[in-house]
């Protein structure tokens with residue numbers, strides 16, 4: 001391991017600290033992911049940010065939570081430990097929708113499973129507290145962020161307390177955390193105690209006294225005992241998600257007062273540019289001898305923006321990253337491409353330029369007053385908001401400049417697009433099909449049932465059909481053999497077996513084949529999970545069918561895979577249960593031109609360049 005190369009990584013051991021002349025850290029980061037020095041991963045991004053602010057930081061990646069000595073290898077940090085489960089919720093990472101143990105982990109060398117504990121935030125915090133008595137502990141990342149209040153937990157099938165209470169951490173940072181973490185470090189460096197810092201946006205803490213202006217939610221005990229109270233708490237919390245006008249939330253857990261401050265303000269363009277200009281190597285730490293699957297997916301990707309204004313019911317991006325689209329400047333992205341072109345493994349192909357939704361780059365609210373007062377969950381549903389500026393000029397200009405770079409042979413958009421925006425983005429659509437589709441384009445209608453897409457907060461089938469026709473026509477006119485990779489969800493709240501039969505017929509009619517199915521998994525923070533738990537939509541109070549029965553869930557999944565011979569028996573059983581056997585010949589006959597299909601990438605959530613399209 002070359003010393004000059006190792007010096008460029010954030011230290012992960014005493015020896016690496018010594019190479020920098022350090023005998024002590026200011027901040028110790030603990031993460032459930034392997035250390036890849038890439039801005040698509042939250043812990044390296046935040047570590048680089050604090051490093052740029054002048055702090056001595058170290059990363060303890062995938063430590064053995066059962067061995068307290070492992071947590072001491074870099075010594076006691078001077079300020080605090082910052083703890084994250086990694087890029088995914090540890091329970092989603094470990095278990096399938098059927099609650100079976102997964103046999104791989106894309107964020108681990110060799111793709112091995114089992115290198116992080118269940119409920120990793122709780123386990124790591126306990127280990128840190130055992131290793132360093134009295135050290136302030138800060139929890140964050142997707143797992144902590146979405147579990148900041150009392151929440152339904154699918155794996156325990158019960159309502160759990162705020163992870164802040166269960167972990168006994170001193171503070172929780174939710175959302176993307178750059179502003180909160182920088183401010184926290186600065187104030188603790190100046191001598192403030194963690195207990196006295198209660199006014200930071202994007203943080204949650206256990207309060208000693210009840211804040212005057214906080215919105216009181218039903219208590220943990222109430223939401224645990226009553227689905228009505230759970231829905232009320234979800235609705236009240238949703239009303240305060242706007243960072244421009246939201247208030248603090250208060251939820252009691254017994255005698256403890258959990259306070260969640262308003263979300264952090266969206267980053268300005270210059271702030272975002274500064275973060276992505278930090279000296280990321282876009283390489284795994286040299287200590288790893290095996291490939292890390294997640295690194296292979298994102299090493300030549302570029303994040304152009306963050307946030308999603310789609311507000312899909314099953315997705316927690318808005319709950320975590322926020323609804324406001326925060327876009328980098330054109331120069332910032334071009335500078336990153338310059339650096340990427342000098343990567344030792346780069347051969348001229350950029351695998352993705354995008355974010356949670358690629359064609360949201362540059363979108364913004366055109367009315368600051370409306371934005372400040374807005375309580376819409378989605379800027380796109382049920383109709384595109386009149387205040388949303390959907391012009392594609394910035395996105396088109398960015399892609400055109402990037403593909404002129406002398407080192408570029410191919411520049412793809414792989415992070416998915418919102419097809420319901422493309423009618424307003426004709427130039428983006430044209431350039432996308434002509435230059436940026438690597439044979440397969442990922443889109444996510446999720447369902448073709450109008451009843452189900454209404455619950456999902458997604459556009460209905462007519463919009464998708466129009467898009468599909470345009471895509472095929474334009475690809476044909478260009479002489480390109482390109483196809484759609486359609487993402488559909490089975491067993492989503494609101495979807496009956498009858499609905500899924502109609503979806504299967506829709507797929508057959510439109511020559512679409514889904515190669516892998518995303519079976520709905522209730523994850524903390526999402527609207528769909530609230531509906532799954534309570535059986536009602538908290539925002540409309542409508543009763544919703546929830547597919548919980550294992551047989552129904554299996555049959556729904558099989559219907560999406562109607563074209564596979566091994567699913568024929570299940571498809572026939574579904575038709576029998578719904579008294580629609582007469583459709584067997586129509587659905588199961590395989591004929592017509594080759595269907596649009598594609599092998600979906602492994603389901604790893606959620607790091608930035610490989611998110612499912614919204």
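To two decimal places, what compactness ratio does the stretch 1-90 give when its Cα radius of gyration is scaled by 2.2 N^0.38 Å?
Ratio of Cα Rg to 2.2 N^0.38 Å: 1.02.
Assuming 1.567 mPa s and 4 °C, estimate D for the stretch 300-610 with Stokes-Einstein, Rh taken as the Kirkwood radius over Cα pairs, in µm²/s.
63 µm²/s
Angle between the Cα long axis of helix 426-435 and the longest principal axis of the chain, 0 to 90 degrees, nearest 10?
Tilt of helix 426-435: around 90 degrees.
Compute the Rg/Rh shape ratio of the chain: radius of gyration over Kirkwood radius, all on alpha-carbon atoms.
0.96
Calculate, for residue 158 and residue 405, the FRET efficiency according to 1/(1 + (r/R0)^6) with r their C-beta to C-beta distance and R0 30 Å; round to the nearest 0.05.
Taking R0 as 30 Å, the efficiency between residue 158 and residue 405 is 0.05.
Can you give the angle from 0 to 90° between the axis of helix 461-477 and the longest principal axis of the chain, with both taken from C-alpha atoms, to the nearest 10?
80 degrees
With a 10 Å radius around each residue's Cβ, average the other Cβ atoms per peptide and rank 28-34, 58-64, highest first.
28-34, 58-64
Treating the stretch 524-579 as a set of equal point scatterers at the Cα positions, no solvent, please give the Debye-formula log₁₀ I(q)/I(0) at q = 0.26, 0.28 Å⁻¹.
-0.92, -1.00
Antiparallel DSSP bridges in the stretch 3-205: what percent, to the nearest 5?
In the stretch 3-205, approximately 25 percent of DSSP beta bridges are antiparallel ones.
Is it possible to state the helix-based mean residue ellipticity at 222 nm for the chain, with each DSSP H run of 4+ residues giving -39500 (n - 2.57), the sum divided by total residues, to the nearest 500 deg cm²/dmol? What is it?
-9000 deg cm²/dmol
Please work out, to two decimal places, the log10 of the ratio I(q)/I(0) at q = 0.12, 0.14, 0.16 Å⁻¹ from a Debye calculation in which every Cα of the stretch 3-205 carries one identical scatterer.
Taking Cα atoms of the stretch 3-205 as identical point scatterers yields -0.57, -0.78, -1.03.
What fraction of the Cα pairs in the stretch 431-505, stated in percent, has a spacing above 16 angstrom?
In whole percent, the long-distance tail amounts to 52.
Output the peptides 87-97, 324-334 sorted from most to least packed, where packing is the average of other Cβ atoms within 10 Å over each peptide's residues.
87-97, 324-334
Given an 8 Å cut-off on Cα distances and at least 6 residues of separation, report the relative contact order of the stretch 204-273 as a percent.
38 percent
Using alpha carbons only, how many degrees (0 to 90, rounded to 10) separate the axis of helix 330-341 from the longest principal axis of the chain?
So the helix axis and the longest Cα principal axis differ by about 80 degrees.
So what's the gap between the Cα centers of the stretch 285-301 and the stretch 489-546, to the nearest angstrom?
34 Å
I want to make sure I understand the PRE zone here: with the label point 7 angstrom from the Cα of residue 73 toward its beta carbon, which residues in the stretch 13-29 have backbone N atoms less than 14 Å away?
Within reach of a label on residue 73, which here means backbone N under 14 Å from a point 7 Å along Cα→Cβ, the stretch 13-29 contributes 13-18, 29.
Could you work out the relative contact order of the chain? I mean the mean sequence separation of Cα pairs under 8 Å and 6+ apart, divided by the number of residues, in percent.
The normalised contact order for the chain reaches 12 percent.
State the antiparallel share, in %, of DSSP beta bridges confined to the chain, rounding to the nearest 5.
40 percent
Work out how far the C-alpha atoms of the stretch 382-513 reach from end to end along every principal axis, then list the three figures in whole Å, largest first.
Sorted from largest, the Cα extents of the stretch 382-513 read 53, 37, 23 Å.
Which value in Å does the Kirkwood hydrodynamic radius of the stretch 470-587 take, with 1/r averaged over all unlike C-alpha pairs and then inverted?
Evaluated on the stretch 470-587, it is 15.7 Å.
Where Rh is the Kirkwood radius over the Cα pairs of the stretch 153-232, the temperature 20 °C and the viscosity 1.002 mPa s, what D in µm²/s does Stokes-Einstein return?
Calculated translational D: 145 µm²/s.
No value in this document is a laboratory result; all are computed from the given coordinates. Just so we're clear, the structure is a prediction, and the values are computed from it rather than from any experiment. Cβ atoms come from the backbone with ideal geometry, glycine included; neighbour counts cover every protein chain shown.
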